Amino acid sequence: MSCLKIDPSLHQPKKPEWIKVRLPSNAIFFSTKALISDLRLHTVCESAQCPNRWECWSQGTATFMIAGERCTRACGFCAVSTAKPFALETDEPTRVAEAIRRMKLKHVVITAVARDDLSDGGANHFAETIRAIRDLDPEIVIEVLTPDFNGKEKSLQLVLRARPDIFNHNLETVERLTPAVRSRAKYRLSLAVLRRAKELDPDAVTKSGIMLGLGETETELFRAMDDLREAQVQVLTLGQYLRPTSNHLPVVEYVHPEVFERYKEAAAQKGFEYVASGPLVRSSYHAADYRPARRRTQ
(Lines give C-alpha, C1' and ligand atoms only; values in the text may rest on other atoms or scores of the structure.)
Protein backbone atom coordinates (compact mmCIF):
# COMPACT_ATOMS: atom_id res chain seq x y z
CA MET A 1 0.00 0.00 0.00
CA SER A 2 1.41 3.40 -1.01
CA CYS A 3 1.87 6.02 1.69
CA LEU A 4 -1.15 8.31 1.93
CA LYS A 5 -0.40 11.96 2.63
CA ILE A 6 -2.89 14.43 4.06
CA ASP A 7 -2.20 18.15 3.84
CA PRO A 8 -2.31 19.55 7.41
CA SER A 9 -3.09 23.02 6.02
CA LEU A 10 -6.52 21.95 4.74
CA HIS A 11 -9.42 24.16 5.81
CA GLN A 12 -10.87 23.12 9.14
CA PRO A 13 -14.63 22.89 9.70
CA LYS A 14 -15.96 24.95 12.58
CA LYS A 15 -16.04 23.09 15.89
CA PRO A 16 -19.69 22.37 16.75
CA GLU A 17 -21.41 23.02 20.04
CA TRP A 18 -21.48 19.34 21.04
CA ILE A 19 -17.65 19.21 21.15
CA LYS A 20 -17.26 21.90 23.80
CA VAL A 21 -16.43 20.83 27.37
CA ARG A 22 -16.73 22.61 30.71
CA LEU A 23 -13.64 23.58 32.69
CA PRO A 24 -13.08 22.07 36.16
CA SER A 25 -14.71 23.64 39.16
CA ASN A 26 -14.54 21.12 42.00
CA ALA A 27 -11.96 20.15 44.57
CA ILE A 28 -11.66 16.52 43.47
CA PHE A 29 -10.17 17.60 40.14
CA PHE A 30 -7.40 19.54 41.84
CA SER A 31 -6.73 16.82 44.42
CA THR A 32 -6.38 14.24 41.62
CA LYS A 33 -3.99 16.54 39.79
CA ALA A 34 -1.95 17.05 42.97
CA LEU A 35 -1.82 13.31 43.71
CA ILE A 36 -0.50 12.50 40.22
CA SER A 37 2.10 15.23 40.54
CA ASP A 38 3.10 14.08 44.02
CA LEU A 39 3.78 10.52 42.82
CA ARG A 40 5.59 11.72 39.68
CA LEU A 41 3.22 9.92 37.35
CA HIS A 42 2.05 10.59 33.82
CA THR A 43 -1.49 10.32 32.53
CA VAL A 44 -2.68 10.01 28.96
CA CYS A 45 -5.31 12.53 30.05
CA GLU A 46 -2.70 15.29 30.02
CA SER A 47 -0.14 13.98 27.53
CA ALA A 48 -2.70 13.27 24.81
CA GLN A 49 -4.78 16.38 25.64
CA CYS A 50 -7.90 14.30 26.25
CA PRO A 51 -11.04 16.49 26.16
CA ASN A 52 -12.54 14.51 29.05
CA ARG A 53 -9.76 15.04 31.56
CA TRP A 54 -11.75 17.73 33.38
CA GLU A 55 -14.71 15.37 33.85
CA CYS A 56 -12.67 12.27 34.72
CA TRP A 57 -10.35 14.02 37.15
CA SER A 58 -13.33 15.71 38.79
CA GLN A 59 -14.65 12.19 39.45
CA GLY A 60 -11.28 11.06 40.83
CA THR A 61 -10.35 8.84 37.87
CA ALA A 62 -7.37 8.87 35.51
CA THR A 63 -5.68 6.67 32.92
CA PHE A 64 -2.06 6.07 33.90
CA MET A 65 0.57 6.27 31.16
CA ILE A 66 3.66 4.28 32.08
CA ALA A 67 7.15 4.07 30.55
CA GLY A 68 7.56 7.83 30.33
CA GLU A 69 5.95 10.53 28.22
CA ARG A 70 8.30 10.38 25.22
CA CYS A 71 7.13 8.20 22.34
CA THR A 72 9.34 6.62 19.68
CA ARG A 73 6.66 7.10 17.03
CA ALA A 74 5.17 10.21 15.48
CA CYS A 75 1.55 9.41 14.68
CA GLY A 76 -0.30 12.12 12.78
CA PHE A 77 -3.14 12.35 15.29
CA CYS A 78 -1.36 12.14 18.64
CA ALA A 79 -0.32 14.96 20.98
CA VAL A 80 2.19 12.84 22.93
CA SER A 81 5.77 14.08 22.41
CA THR A 82 8.05 12.21 20.01
CA ALA A 83 11.62 12.10 21.35
CA LYS A 84 14.32 9.76 22.58
CA PRO A 85 12.83 8.19 25.73
CA PHE A 86 14.47 8.16 29.13
CA ALA A 87 15.31 4.91 30.91
CA LEU A 88 12.42 3.08 32.57
CA GLU A 89 11.84 3.92 36.24
CA THR A 90 11.81 0.62 38.12
CA ASP A 91 9.69 1.99 40.96
CA GLU A 92 6.98 3.34 38.66
CA PRO A 93 4.72 0.24 39.00
CA THR A 94 4.74 0.71 42.78
CA ARG A 95 3.91 4.41 42.42
CA VAL A 96 1.00 3.59 40.11
CA ALA A 97 -0.32 1.10 42.68
CA GLU A 98 0.00 3.72 45.42
CA ALA A 99 -2.01 6.21 43.36
CA ILE A 100 -4.70 3.58 42.83
CA ARG A 101 -4.77 2.90 46.58
CA ARG A 102 -5.17 6.57 47.43
CA MET A 103 -7.87 7.05 44.78
CA LYS A 104 -9.67 3.85 45.87
CA LEU A 105 -10.14 2.75 42.27
CA LYS A 106 -11.88 -0.50 41.36
CA HIS A 107 -11.25 -0.31 37.60
CA VAL A 108 -7.91 0.97 36.33
CA VAL A 109 -6.59 1.64 32.85
CA ILE A 110 -2.87 1.41 32.15
CA THR A 111 -1.44 2.61 28.85
CA ALA A 112 2.02 3.53 27.59
CA VAL A 113 3.90 5.31 24.88
CA ALA A 114 5.44 3.17 22.14
CA ARG A 115 8.90 2.11 23.28
CA ASP A 116 10.50 0.74 20.11
CA ASP A 117 13.88 1.43 21.74
CA LEU A 118 13.32 -1.51 24.12
CA SER A 119 13.70 -5.12 23.01
CA ASP A 120 10.31 -6.04 24.48
CA GLY A 121 8.63 -2.72 23.61
CA GLY A 122 7.98 -2.10 27.31
CA ALA A 123 5.92 -5.28 27.76
CA ASN A 124 7.64 -6.35 30.97
CA HIS A 125 6.99 -2.90 32.45
CA PHE A 126 3.27 -3.44 31.76
CA ALA A 127 3.50 -6.84 33.46
CA GLU A 128 5.27 -5.41 36.52
CA THR A 129 2.61 -2.73 36.84
CA ILE A 130 -0.20 -5.27 36.60
CA ARG A 131 1.45 -7.40 39.30
CA ALA A 132 1.91 -4.38 41.59
CA ILE A 133 -1.81 -3.59 41.28
CA ARG A 134 -2.77 -7.24 41.88
CA ASP A 135 -0.64 -7.24 45.03
CA LEU A 136 -2.57 -4.17 46.19
CA ASP A 137 -6.00 -5.65 45.53
CA PRO A 138 -6.66 -8.80 43.47
CA GLU A 139 -10.27 -7.71 42.92
CA ILE A 140 -9.38 -4.57 40.93
CA VAL A 141 -10.36 -4.79 37.25
CA ILE A 142 -7.22 -4.07 35.24
CA GLU A 143 -7.43 -2.82 31.67
CA VAL A 144 -4.30 -2.33 29.57
CA LEU A 145 -4.10 -0.27 26.39
CA THR A 146 -0.90 -1.35 24.66
CA PRO A 147 1.08 -0.47 21.55
CA ASP A 148 1.53 -3.20 18.93
CA PHE A 149 4.98 -4.27 20.27
CA ASN A 150 5.89 -4.63 16.57
CA GLY A 151 3.92 -7.86 16.68
CA LYS A 152 6.44 -9.65 18.93
CA GLU A 153 4.93 -12.81 20.37
CA LYS A 154 7.12 -12.78 23.50
CA SER A 155 6.00 -9.25 24.35
CA LEU A 156 2.35 -10.19 24.11
CA GLN A 157 3.00 -13.22 26.27
CA LEU A 158 4.68 -11.09 28.94
CA VAL A 159 1.64 -8.85 29.23
CA LEU A 160 -1.01 -11.57 29.09
CA ARG A 161 0.75 -13.85 31.58
CA ALA A 162 0.26 -11.06 34.12
CA ARG A 163 -3.49 -11.59 33.52
CA PRO A 164 -5.07 -8.23 32.76
CA ASP A 165 -8.85 -8.40 32.67
CA ILE A 166 -9.12 -6.35 29.48
CA PHE A 167 -6.57 -6.16 26.66
CA ASN A 168 -7.02 -3.07 24.51
CA HIS A 169 -5.12 -2.16 21.37
CA ASN A 170 -6.55 0.57 19.17
CA LEU A 171 -7.03 0.18 15.44
CA GLU A 172 -7.43 4.00 15.41
CA THR A 173 -8.68 4.33 11.82
CA VAL A 174 -9.71 2.49 8.66
CA GLU A 175 -7.21 0.62 6.53
CA ARG A 176 -6.90 3.23 3.76
CA LEU A 177 -6.01 6.02 6.18
CA THR A 178 -3.64 4.04 8.40
CA PRO A 179 -0.37 5.02 6.61
CA ALA A 180 -1.05 8.73 7.25
CA VAL A 181 -2.62 8.42 10.69
CA ARG A 182 -0.40 5.86 12.42
CA SER A 183 3.34 6.23 11.91
CA ARG A 184 5.17 2.88 11.67
CA ALA A 185 1.96 0.98 12.50
CA LYS A 186 0.08 -1.37 10.19
CA TYR A 187 -3.64 -2.05 10.07
CA ARG A 188 -3.28 -5.80 9.56
CA LEU A 189 -0.62 -6.06 12.26
CA SER A 190 -2.96 -4.46 14.81
CA LEU A 191 -5.66 -6.96 13.90
CA ALA A 192 -3.14 -9.78 14.27
CA VAL A 193 -2.11 -8.50 17.72
CA LEU A 194 -5.72 -8.44 18.90
CA ARG A 195 -6.42 -11.88 17.46
CA ARG A 196 -3.29 -13.36 19.02
CA ALA A 197 -4.04 -11.79 22.41
CA LYS A 198 -7.37 -13.62 22.46
CA GLU A 199 -5.66 -16.87 21.50
CA LEU A 200 -3.05 -16.50 24.24
CA ASP A 201 -5.64 -15.75 26.92
CA PRO A 202 -9.23 -16.65 25.91
CA ASP A 203 -10.51 -15.33 29.25
CA ALA A 204 -9.24 -11.80 28.66
CA VAL A 205 -11.69 -9.36 27.10
CA THR A 206 -10.31 -7.79 23.92
CA LYS A 207 -11.09 -4.19 23.06
CA SER A 208 -10.25 -1.66 20.35
CA GLY A 209 -11.08 1.91 19.33
CA ILE A 210 -11.54 3.92 16.14
CA MET A 211 -11.46 7.69 15.63
CA LEU A 212 -13.95 9.26 13.22
CA GLY A 213 -13.74 12.45 11.20
CA LEU A 214 -10.44 11.79 9.42
CA GLY A 215 -12.03 11.21 6.03
CA GLU A 216 -13.17 7.63 6.37
CA THR A 217 -16.31 6.48 4.58
CA GLU A 218 -19.14 4.61 6.25
CA THR A 219 -18.37 1.55 4.13
CA GLU A 220 -14.75 1.64 5.30
CA LEU A 221 -15.82 2.00 8.93
CA PHE A 222 -18.16 -0.96 8.72
CA ARG A 223 -15.40 -3.01 7.08
CA ALA A 224 -13.10 -2.13 10.01
CA MET A 225 -15.81 -3.24 12.44
CA ASP A 226 -16.11 -6.54 10.57
CA ASP A 227 -12.32 -6.99 10.65
CA LEU A 228 -12.32 -6.44 14.42
CA ARG A 229 -15.11 -8.95 14.93
CA GLU A 230 -13.22 -11.48 12.78
CA ALA A 231 -10.30 -10.93 15.19
CA GLN A 232 -12.71 -11.76 18.06
CA VAL A 233 -12.66 -8.25 19.52
CA GLN A 234 -15.50 -7.88 22.04
CA VAL A 235 -15.56 -4.21 23.03
CA LEU A 236 -15.46 -1.20 20.69
CA THR A 237 -15.10 2.55 21.25
CA LEU A 238 -15.91 5.15 18.59
CA GLY A 239 -15.01 8.81 19.10
CA GLN A 240 -14.41 12.05 17.23
CA TYR A 241 -10.85 12.89 16.18
CA LEU A 242 -9.81 16.31 17.51
CA ARG A 243 -6.75 18.03 16.10
CA PRO A 244 -4.19 18.72 18.89
CA THR A 245 -2.17 21.36 16.97
CA SER A 246 -1.92 22.82 13.48
CA ASN A 247 0.96 20.42 12.82
CA HIS A 248 -1.31 17.40 13.21
CA LEU A 249 -3.76 15.89 10.74
CA PRO A 250 -6.77 18.09 10.00
CA VAL A 251 -10.32 17.26 11.00
CA VAL A 252 -12.19 16.43 7.81
CA GLU A 253 -15.62 16.20 9.44
CA TYR A 254 -17.30 16.60 12.81
CA VAL A 255 -19.60 13.61 13.04
CA HIS A 256 -23.03 14.37 14.49
CA PRO A 257 -24.02 12.62 17.75
CA GLU A 258 -26.98 11.01 15.99
CA VAL A 259 -24.60 9.35 13.54
CA PHE A 260 -22.52 8.04 16.44
CA GLU A 261 -25.72 6.50 17.84
CA ARG A 262 -26.44 4.84 14.50
CA TYR A 263 -22.91 3.45 14.37
CA LYS A 264 -23.35 2.14 17.91
CA GLU A 265 -26.44 0.23 16.85
CA ALA A 266 -24.65 -1.14 13.78
CA ALA A 267 -21.70 -2.30 15.88
CA ALA A 268 -24.00 -4.04 18.35
CA GLN A 269 -25.71 -5.83 15.48
CA LYS A 270 -22.30 -7.03 14.30
CA GLY A 271 -21.81 -8.78 17.63
CA PHE A 272 -19.75 -6.48 19.86
CA GLU A 273 -20.61 -7.12 23.51
CA TYR A 274 -20.29 -3.47 24.48
CA VAL A 275 -20.00 -0.31 22.37
CA ALA A 276 -19.23 3.22 23.55
CA SER A 277 -19.89 5.68 20.74
CA GLY A 278 -20.01 9.47 20.85
CA PRO A 279 -18.07 12.60 19.93
CA LEU A 280 -16.10 12.75 23.19
CA VAL A 281 -15.68 9.00 23.69
CA ARG A 282 -12.08 7.85 24.10
CA SER A 283 -10.60 4.42 24.77
CA SER A 284 -10.70 4.79 28.54
CA TYR A 285 -13.66 7.17 28.88
CA HIS A 286 -16.09 5.67 31.42
CA ALA A 287 -14.17 2.40 31.01
CA ALA A 288 -15.64 1.07 34.25
CA ASP A 289 -19.13 1.16 32.69
CA TYR A 290 -18.22 -2.15 31.04
CA ARG A 291 -17.69 -4.99 33.47
CA PRO A 292 -16.10 -8.27 32.36
CA ALA A 293 -18.42 -11.27 32.66
CA ARG A 294 -16.09 -13.13 34.99
CA ARG A 295 -13.88 -11.98 37.83
CA ARG A 296 -10.29 -13.00 37.17
CA THR A 297 -8.48 -15.05 39.80
CA GLN A 298 -4.78 -15.52 40.44
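The values are calculated or read from the model by the stated rules, or taken from the named source; none is laboratory data. Just so it is clear, the structure is predicted and the values come from calculations on it, not from any experiment. In this analysis, Cβ positions are derived from the backbone assuming ideal geometry, glycine residues included, and neighbour counts consider all displayed protein chains.
Scan segment 179-188 for residues that are modelled with pLDDT of 95 or more and buried (at least 18 other Cβ atoms within 10 Å of the Cβ) and report the count.
Matching residues across segment 179-188 total 1.
Which of the residues that make up segment 112-137 are among the β-branched types (V, I, T) and modelled with pLDDT under 90? Write out each step before concluding.
Within segment 112-137, the first condition is being among the β-branched types (V, I, T), and the residues that meet it are 113, 129-130, 133.
Once the filter is applied, which keeps residues that are among the β-branched types (V, I, T) and modelled with pLDDT under 90, segment 112-137 yields only V113.
Scan (1) out of contact with any Gly (no Cβ under 7 Å at 6 or more places or on another chain); (2) within 25 Å of Q232 (Cβ to Cβ); (3) of a type outside the set (F, W, Y); (4) at pLDDT 90 or above for the single condition N150 breaks and write down its number.
So N150 meets the others, but not (1).
Tell me whether segment 195-213 contains one or more residues that are in a helix (DSSP H, G or I) and modelled with pLDDT under 95.
Keep residues of segment 195-213 that are in a helix (DSSP H, G or I), which gives 195-200.
Adding the requirement that they be modelled with pLDDT under 95 leaves none.
No; the residues of segment 195-213 include none that is in a helix (DSSP H, G or I) and modelled with pLDDT under 95.
Is it the case that segment 80-90 has a residue that's crowded, with 17+ Cβ neighbours inside 10 Å and modelled with pLDDT under 85?
yes
Considering each residue of segment 101-113, count those that are farther than 24 Å from N170 by Cα and either in contact with a helix residue (DSSP H, G or I) (Cβ under 6 Å, 6 or more places away or on another chain) or in a helix (DSSP H, G or I) (or both), and give that number.
First, the residues of segment 101-113 that are farther than 24 Å from N170 by Cα: 101-104.
Adding the requirement that they be either in contact with a helix residue (DSSP H, G or I) (Cβ under 6 Å, 6 or more places away or on another chain) or in a helix (DSSP H, G or I) (or both) leaves 101-103.
Qualifying residue count, segment 101-113: 3.
Please work out if L189 is touching a Gly at 6+ places or on another chain (Cβ under 8 Å) and closer than 30 Å to I19 by Cβ.
Numbers: touching a Gly at 6+ places or on another chain (Cβ under 8 Å): yes; closer than 30 Å to I19 by Cβ: no.
Taking the combined requirement at face value, the residue does not satisfy it.
In the set L238, L221, L191, which member is touching an Asp or Glu at 6+ places or on another chain (Cβ under 7 Å), touching a residue at least 12 places away in the same chain (Cβ under 8 Å), surrounded by 17 or more Cβ atoms within 10 Å (Cβ to Cβ) and outside any loop (DSSP other than H, G, I, E, B)?
Values: L238 fails: touching an Asp or Glu at 6+ places or on another chain (Cβ under 7 Å); L221 fails: touching an Asp or Glu at 6+ places or on another chain (Cβ under 7 Å).
Result: L191 is the single residue among L238, L221, L191 that is touching an Asp or Glu at 6+ places or on another chain (Cβ under 7 Å), touching a residue at least 12 places away in the same chain (Cβ under 8 Å), surrounded by 17 or more Cβ atoms within 10 Å (Cβ to Cβ) and outside any loop (DSSP other than H, G, I, E, B).
Just to be sure I understand, how many residues within segment 136-157 are over 16 Å from A114 (Cβ atoms) and in a helix (DSSP H, G or I)?
Taking segment 136-157 and keeping what is over 16 Å from A114 (Cβ atoms), we get 136-143, 153-154, 157.
Right, trim to in a helix (DSSP H, G or I) and you get 136, 153-154, 157.
Selection size over segment 136-157: 4.
Quick grid of which residues meet (1) hydrophobic (A, V, I, L, M, F, W, C); (2) more than 20 Å from T219 (Cβ to Cβ); (3) surrounded by 17 or more Cβ atoms within 10 Å (Cβ to Cβ); (4) under 20 Å from the mean Cα position of the chain (by Cα):
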| position | (1), (2), (3), (4) |
| --- | --- |
| N247 | no, yes, no, no |
| P250 | no, yes, yes, no |
| E253 | no, no, no, no |
| A267 | yes, no, yes, yes |
| S277 | no, no, yes, yes |
| V281 | yes, yes, yes, yes |
